[in-house]
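Inspection log for the structure reproduced underneath, given as structure tokens.
The values are calculated or read from the model by the stated rules, or taken from the named source; none is laboratory data. Just so it is clear, the model here is predicted, and its values are computed rather than measured. Glycine gets a Cβ as well: all are built from the backbone with ideal geometry, and neighbour counts include every protein chain shown. Protein only, heavy atoms only, side chains kept; ligands, DNA and RNA dropped before computing areas. Shrake-Rupley method; radii C 1.70, N 1.55, O 1.52, S 1.80 Å.
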Amino acid sequence: MNQVKTEAPYTFKLKALSRDGIEGALAKAEQYRLLNQPKLAESICLDVLDVDKNNHKAKVFLLLALTDQFGQSFSAAAKHANELAKSLQDEYSQLYYTAIIRERMGTATLNAGNPGSNFDAYEWYTEAMEYYEKADAVNPNSKNEDPILRWNTCVRIISENHLRQRPLDDLLPALE
């Protein structure tokens, strides 16, 4: 009888990024996001955070790379993105990026086209709008109107797709 010898799989170790390489790595992460390669951007951001766990820019890029993947790995990416948003350095960033997460969850839900997804998307977009309002209220930079621009985007998406709140009769248990 031939016996197949099985060996334990080789375990690869990650190589550490140098502190001097952080800015260049973040530029590459941004470029990979723009090229629609969110997994590559995610990996780079994780490398940066291994060296500098409080790097605000790396956290933001990672959060955005995770939300870019919502159509593929929704729940795990959403959970990680929400944790990152909570860890950002200031209230404005926490609120603004939480809104981004909600908006992108709305887009992923809308694009999924599942039954009832239009109602779910409406809920995500309106939740995003609430966070954009809160972010705008604490916005430290009067020239930064990103929350307003994003709010308007949500309004247009809701309008163009004729999204609406889930009817109450869908929420109530059926009576027999």
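Placing +1 on the Cβ of every Lys and Arg and -1 on the Cβ of every Asp and Glu, with nothing else charged, gives the chain a dipole about its Cα centre of roughly 660 debye.
For region 78-176, with all protein chains in place and a probe radius of 1.4 Å, 48% of the accessible heavy-atom surface sits on carbon or sulfur. Computed with a 1.4 Å probe over protein heavy atoms only, the accessible surface of the chain comes to 67 Å² per residue. Taking all protein chains together, S117, S159 sort by accessible area into S159, S117, largest first [probe 1.4 Å].
When the trypsin sites (Lys or Arg not before Pro) in region 8-89 are filtered for DSSP coil states and for at most 14 other beta-carbon atoms within 10 Å of their beta-carbon, the remaining sites are K13, K15, K53. Evaluating 6.51 cos²θ - 1.76 cosθ + 1.60 at θ = phi - 60° for every residue in region 124-131, the Karplus couplings come out as 5, 5, 5, 5, 4, 4, 4, 5 Hz, glycine and proline recorded as x. Given R0 = 30 Å, the distance between the Cβ atoms of T126 and K13 translates into a calculated FRET efficiency of 0.10. Distance between the C-alpha centres of region 94-113 and region 144-163: 12 Å, rounded to the whole angstrom.
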